[in-house]
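First up is the structure itself, then whatever we jot down about it.
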Amino acid sequence: MMRKPASTGVCAFCSREVAAAGIARHLTLCADRQAAVDKAEMSKRKSQPLYHVVVRDTMDGLYWLHLEMTGSATLVDLDTYLRVIWVDCCGHMSHFVFGTTRYQELIDGFFALGDQKNITSKAGDVLRPGLKGRYEYDFGTPTELRIEVVGERPGKPLTTKPLTLLARNVMPVYECADCGEPATHICMQCYYEQGEPGCYLCATHAKEHACTLYGGPKKRFNSPRTGRCNYNGPAKPPY
């Protein structure tokens, strides 16, 4: 049986690598984060509710983000952030679901059936500590994410942007199925037909790999969208 890679992440304030299970506690104790909070409180920004949001992939939770979202931000801002850092490849549709309510783009009321609201809803009207939900991008070859609001604090935002990256996972390390070297590529045909770990390949063996479905082996990125559709990174924050 393949051993699951250890999940660790990096604090965006002090750059310290921390185990996934301890990152929330680290953020509450991080002196560099507290210094950033103190600096923000001295700014002219408007005080408002600030939500600590954790986003994880639904597969195995190895990919995750800790974000702080302002109450004045909208779900469009969160959707845009997730698209840039993790999922966007072809401009597919997406939506959020919290409880029984679906939040997505409403086009002349066409999608306004049942318990649905516009994705332009403000975070302050939707989020609350303890709230759990999900996000789905691309309804044909979907990437599904879990969303949880783990905290709220009143204060001035750390930046002028609607979201601030607090921490994110370090890219999971896999070995090439053919030689044991670090894997730089993934073959989705092998993934669907054989599962892990046989789908991971180094650059050399990716070039020699015989599978052709789904475009052959694709380069890995620090994103749960890796290998799917036409996703080609770069898996970097938008700001």
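The values are calculated or read from the model by the stated rules, or taken from the named source; none is laboratory data. Computed from a prediction, not measured in an experiment: that's the story for all the values here. For neighbour counting, all protein chains shown are included, and Cβ atoms are generated from backbone atoms with ideal geometry for every residue, glycine included. We work out accessible area using only protein heavy atoms, side chains counted, and drop any ligands, DNA or RNA first. Shrake-Rupley method; radii C 1.70, N 1.55, O 1.52, S 1.80 Å.
Give the aspartates and glutamates reachable from Lys117 as a straight Cα distance under 16 Å; neighbours fewer than 8 places away on the same chain don't count.
Cross-link targets: Asp77, Asp79, Glu105, Asp108, Asp125, Glu136.
Which residue, Asp79, Asp32, Asp138, has the most motion in a Gaussian network model of the chain that connects Cα atoms within less than 10 Å?
Evaluated over the chain, the most mobile residue of the options is Asp32.
Can you tell me the relative contact order of the stretch 9-70? Whole percent, Cα pairs under 8 Å, sequence separation 6 or more. Please list the in-between numbers first.
Details: 51 pairs, mean separation 12.9, N = 62.
Across the stretch 9-70, relative contact order equals 21 percent.
Nearest 500 deg cm²/dmol is fine: what mean residue ellipticity at 222 nm does the chain get from its DSSP H runs of n ≥ 4 alone, each adding -39,500 (n - 2.57), divided by its residue count?
On the way: 6 runs with 43 residues, N = 239.
It lands at -4500 deg cm²/dmol.
For the stretch 1-55 and the stretch 192-239, write down the distance between their C-alpha centroids in whole Å.
29 Å
Taking 0.36 nm per intervening residue step and subtracting the Cα-Cα distance, what contour gain separates Ala203 from Thr160 on full extension?
Numbers: separation 43, 0.36 × 43 = 15.48 nm, distance 4.02 nm.
Result: 11.5 nm gained on full extension.
For the stretch 30-106, what's the radius of gyration and Dmax over Cα atoms, in angstrom?
15.3, 43
May I ask you to work out the translational diffusion coefficient for the stretch 166-208 at 10 °C, viscosity 1.306 mPa s, via Stokes-Einstein with Rh from the Kirkwood sum over Cα pairs, reported in whole µm²/s?
Values: Rh = 10.7 Å.
So the translational diffusion coefficient is about 148 µm²/s.
From Cα pairs below 8 angstrom and at least 6 apart in sequence, can you work out the relative contact order of the stretch 12-170, rounded to a whole percent? All intermediate terms of the calculation are to be shown ahead of the outcome.
Details: 288 pairs, mean separation 55.4, N = 159.
Taking the mean separation of contacting Cα pairs over the length of the stretch 12-170, I get 35 percent.
For Arg153 and Thr212 in the same chain, what is the full-extension length gain: residue separation times 0.36 nm, less their Cα-Cα distance, in nm? Write down the numbers at each step before the final one.
Numbers: separation 59, 0.36 × 59 = 21.24 nm, distance 5.00 nm.
Taking 0.36 nm per residue and subtracting the Cα distance, the gain is 16.2 nm.
Find the relative contact order for the stretch 135-239 and round it to a whole percent, using C-alpha pairs within less than 8 Å whose residues are 6+ positions apart.
Values: 131 pairs, mean separation 21.6, N = 105.
For the stretch 135-239, the relative contact order is 21 percent.
Based on alpha-carbon atoms only, what is the radius of gyration of the stretch 31-166 relative to the globular estimate 2.2 N^0.38 Å?
Computed over Cα atoms of the stretch 31-166, the ratio equals 1.08.
Any idea what angle helix 31-41 forms with the longest principal axis of the chain, computed on alpha-carbon atoms, 0 to 90 degrees, nearest 10?
40 degrees
Take the chain, connect every pair of alpha-carbon atoms lying under 10 Å apart with a spring to form a Gaussian network, then pick out the residue of Gly216, Gly140, Gly227 with the largest mean-square fluctuation.
In this elastic network of the chain, the residue with the biggest mean-square fluctuation among Gly216, Gly140, Gly227 is Gly140.
Please report, to two decimal places, log10 I(q)/I(0) for the chain at q = 0.11, 0.15 Å⁻¹ as given by the Debye formula with identical point scatterers on the Cα atoms and no solvent.
Result of the Debye calculation: -0.63, -1.06.
What spacing in nm lies between the two simple spin-label points modelled at Thr101 and Asp125, each 7 Å away from Cα in the Cβ direction?
0.8 nm
Using DSSP loop states and a limit of at most 14 other Cβ atoms within 10 Å to flag trypsin sites (Lys or Arg not before Pro), what is the longest stretch of the chain containing no flagged site? Before the final figure, lay out the partial values.
On the way: sites that count: Arg3, Arg16, Lys44, Lys46.
Excluding the exposed sites themselves, the longest stretch runs over 47-239.
Suppose accessible area is computed on protein heavy atoms with a 1.4 Å probe; arrange Thr70, Thr100 from highest to lowest.
Order by accessible area, largest first: Thr100, Thr70.
Run the 1.4 Å probe and let me know the accessible area of Val84, rounded to the nearest 10 Å².
It works out to around 60 Å².
On a 22 Å Cα-Cα criterion, which of the cross-link pairs Lys122/Lys161; Lys122/Lys156; Lys46/Lys132; Lys44/Lys161; Lys46/Lys161; Lys39/Lys161 come out too long?
Values: Lys122/Lys161 14 Å; Lys122/Lys156 17 Å; Lys46/Lys132 27 Å; Lys44/Lys161 14 Å; Lys46/Lys161 12 Å; Lys39/Lys161 15 Å.
With Cα atoms farther than 22 Å apart: Lys46/Lys132.
I'd like the per residue volume of the convex hull spanned by the Cα atoms of the stretch 1-68, given in cubic angstrom. Don't skip to the answer; put the middle values down first.
Working: hull volume 6.1 nm³, N = 68.
That works out to 90 Å³ per residue.
DSSP loop chymotrypsin sites (Phe, Trp or Tyr not before Pro) in the stretch 93-181 with at most 10 other Cβ atoms within 10 Å of their Cβ, which ones? If you can, show how the numbers build up before the last one.
Numbers: sites: Phe96, Phe98, Tyr103, Phe110, Phe111, Tyr135, Tyr137, Phe139, Tyr174; in loops: Phe110, Phe111, Phe139, Tyr174.
Answer in residue order: Phe110, Phe139.
What dipole magnitude, in Debye to the nearest 20, does the chain give about its Cα centre under +1 on Lys/Arg Cβ and -1 on Asp/Glu Cβ? Don't jump to the answer; show the numbers that get you there.
Numbers: 29 positive and 25 negative charges, 161 e Å.
Here the chain has a charge dipole of around 780 debye.
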